[in-house]
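The values are calculated or read from the model by the stated rules, or taken from the named source; none is laboratory data. A quick note: this is a predicted structure, and the numbers were derived from the prediction, not measured. Virtual Cβ from ideal backbone geometry, glycine too; neighbours counted across all protein chains shown. Note: areas computed on protein heavy atoms with side chains; ligands, DNA, RNA excluded. Shrake-Rupley method; radii C 1.70, N 1.55, O 1.52, S 1.80 Å.
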Amino acid sequence: MIEEVNVTQVFDPVTLTSPKVVGFAKDRLARMIRRDRGHPALIAYSVGNENGTDSEQGADYVRQLTAFGKGLDPTRLYTHMTGWGSTDKAFAHDDFACTNIYDGWYTGSFADLTDPGAGTYSMVTIQQAAGGKPVMLSEYGAEAVATATGYGKGTYYYQGLMIDEYHRLLAGRPGVAGTMYWTSSEFMLSPGSDSNPGRPMPGFHTKGLRTYWREPKLGWRVMFSPGRIDAIDAVLTAPDGAVDQQVRMTVREVLGRNVRGTLEITPPPGTSADRTSIPFTLTAGGTWSTTVRLTGTGVANGATGEVHAVFDADTEAQPRLLKVVTLAPLEASFNSIGVTTDGGATASDFTQSGSCYSAQALAAAGIVPGGLVRTPDGPFTWPDVAAGRPDNVAATGQGIALSGSGTALAVLGAATYGKQSGTGTLYYTDGTHAAFTLALDDWFTTSPTAGDHIAAGLDHYNVGGRSVTRDVSLWSTAIPLDSTKTLSAVVLPSTTPPGAALHVFALTVV
């Protein structure tokens, strides 16, 4: 148990270090120590949550409170909960560091959690900033709304996926002192307020693992699961949609004990599986695999089924999606309008606000329909599409038929609502495949992060029939290929347009 002084989100360091706030915090800390210093479960005190500790003045608040607390109870550890990641200035005064991270929810992707190049909210950079002290992930989580359907942000599925991915990424990582999910149960907010970027639910905070009425969500069941299902490859089909394929499924034990369960399979619409309920046994640290035959005809592109590994009434592994993906050329998969004309009436779905690139600004940069776009990652052909028509793929797991051999797959595109990344799959003609990560900077950003290059810098964009003067960018990046093989298809990552999404305008093998 960690007890915390209720000084929260006092961002102004002058206010935070004022006699009034410091005096209040010392009083609260003293009361906690007097009351609970004999409690056997108490391991540490926190002197505040997400305050202005990204400054030297804010760090001095932590110094004062920690010194005061140790004068009253020197037997416990002291820390503070930061929301500033590696830019926090107060780690020197902690016995161990605590950081709140929401990679894959408010910004970025789950993979940023342990990516040293991801910046501020990577555990790697935070551990370095903390001088090698143990680091606890003191908050992470995702809203999950009972009425939200599908698999994107705001759903039960996505909350469970976040828990499973965070556990996978941090398991056995040196220096990680533990994790704490925020929060156990839903609670009420002030009327009209909302904290959910995925599925708004005004008046409720829905990150809880249980509903407001204390009913367990999928995330609750996944939190305590002894097993994990490996990601399942998409079933690729020709345009006629015919399916007849053996699909391999693997379950791994992750908590170090012997367990039994049942693999439950819901095949994608339009298909059937030769087995839908399969008992299995796992030894501690072991794996179990099986193959299921999936057949069907006329299956809709992107049809999705589910695979569950259920252990008991209260626990199951994070479900995996069983998808049928029909391969099509990139241009046949365009599903988003990313360019409109200045002053035009055409609406765009490039972002939730309808903001998008300007055809005139692109032309000023030498980018016109069907024209060549030269970038550091390779040459591209800009979509030969009139402004106001679908001209890019907002990535939701589409299968792209693309043939060629080379050292890299070059991508021309941009992210919306912050830098985004996701995992896709490369398929080769010899039947092998490999996962890849596609990361693109936000179109509102003008400074590239590692791996991205500016393909074009533009001086304005369009929204709602008007032009707005502001610098925006188009990006390119490159994904390594096995140069000894021939690429046959690419399955794009799954993102959540028109919100946080990856948008692809062109692909080329170089």
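Quick one: what pairs do we get from segment 453-471, first residue on the phi < 0 side of the Ramachandran plot, second of a type in the set (Asp, Glu) and open to solvent by 60 Å² or more (accessible area, probe 1.4 Å), C-beta under 6 Å, 6+ apart or different chains? As it stands, the answer is none, since no pair meets every condition given.
Residue count for segment 74-85 satisfying the condition of being open to solvent by less than 30 Å² (accessible area, probe 1.4 Å) and not in a loop (DSSP other than H, G, I, E, B): 6. Using the structure shown, decide if Tyr151 is crowded, with 22+ Cβ neighbours inside 10 Å, out of contact with any Asp or Glu (no Cβ under 7 Å at 6 or more places or on another chain) and not charged (D, E, K, R). It is false that Tyr151 is crowded, with 22+ Cβ neighbours inside 10 Å, out of contact with any Asp or Glu (no Cβ under 7 Å at 6 or more places or on another chain) and not charged (D, E, K, R). Selection within segment 86-107: residues that are in contact with a strand residue (DSSP E or B) (Cβ under 7 Å, 6 or more places away or on another chain) and not in a strand (DSSP E or B). The member of this set that is nearest to Gly422 (Cα to Cα) is Ile101. Could you run through segment 461-510 and say how many residues are β-branched (Val, Ile, Thr) and not in a loop (DSSP other than H, G, I, E, B)? Number satisfying all stated conditions: 11. Per the conditions (1) in a loop (DSSP other than H, G, I, E, B); (2) among the hydrophobic types (A, V, I, L, M, F, W, C); (3) in contact with a strand residue (DSSP E or B) (Cβ under 8 Å, 6 or more places away or on another chain), the sole criterion not satisfied by Val307 is (1). Of the strands (runs of 3 or more DSSP E) contained entirely in segment 236-290, those carrying at least 2 residues that are of a type in the set (Ser, Thr, Tyr) fall at 259-266, 271-273, 277-282.
Counting the residues of segment 362-399 that are assigned to a loop (DSSP other than H, G, I, E, B), crowded, with 16+ Cβ neighbours inside 10 Å and β-branched (Val, Ile, Thr) gives 2. Could you go through segment 414-433 and let me know if any residue there is open to solvent by 10 Å² or more (accessible area, probe 1.4 Å), touching a His at 6+ places or on another chain (Cβ under 6 Å) and closer than 30 Å to Ser355 by Cα. Yes, some residue in segment 414-433 is open to solvent by 10 Å² or more (accessible area, probe 1.4 Å), touching a His at 6+ places or on another chain (Cβ under 6 Å) and closer than 30 Å to Ser355 by Cα. Residues of segment 435-484 that are surrounded by fewer than 14 Cβ atoms within 10 Å (Cβ to Cβ) and among the small types (Gly, Ala, Ser): Ala435, Ser447, Ala450, Gly457, Gly464, Ser483. Go through the residues of segment 278-291 one by one and say whether even a single one is out of contact with any Lys or Arg (no Cβ under 7 Å at 6 or more places or on another chain), open to solvent by less than 40 Å² (accessible area, probe 1.4 Å), farther than 24 Å from Glu215 by Cβ and without any contact (Cβ under 8 Å) to a residue 24 or more places away in the chain. Scanning segment 278-291 turns up at least one residue that is out of contact with any Lys or Arg (no Cβ under 7 Å at 6 or more places or on another chain), open to solvent by less than 40 Å² (accessible area, probe 1.4 Å), farther than 24 Å from Glu215 by Cβ and without any contact (Cβ under 8 Å) to a residue 24 or more places away in the chain.
Here the condition is being modelled with pLDDT of 95 or more, open to solvent by less than 60 Å² (accessible area, probe 1.4 Å) and outside any helix (DSSP H, G or I); of Gly69, Gly52, Gly58, it holds for Gly52 alone.
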